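Here is the structure we will look at, set down as structure tokens.
Every number in this text was worked out from the coordinates using simple rules, so none of it is lab data. Predicted model, so just to flag it, every value in this text is computed and none were measured. All Cβ positions, even for glycine, are placed from backbone atoms using ideal geometry, and neighbour counts span all protein chains on display.
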Amino acid sequence: MFVSELNNKSVEELNTELANLLRQQFNQKLMLKTGSLKDVSVLKKTRRDIARVKFVLAQLSSKKDGE
């Protein structure tokens, strides 16, 4: 997921994407604890995707406040 892709989405779409990523992260952590997660690098990728979405949301809110 690239920031340029996220910039084209609306706030509602970004919030939905964030909720999906948080749910995905929870499931991955659960799988890690139970031992069924084979590739632990997905945790890092998901965490970074969450940060990207939050970054774009913060940019949009600062633009909205600045206008």
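For a quick check of your reading of the model, give me the residue pairs whose first member lies in the range 46-67 and is part of a helix (DSSP H, G or I), whose second is among the basic types (Lys, Arg), with beta-carbon atoms closer than 8 Å and at least 6 apart or on different chains. Within 8 Å, the pairs are Val56/Lys9. Restricting attention to the range 2-28 and to residues that are of a type in the set (A, V, I, L, M, F, W, C) and within 15 Å of Ala58 (Cβ to Cβ), the residue that is farthest from the chain's Cα centre (by Cα) turns out to be Val11.
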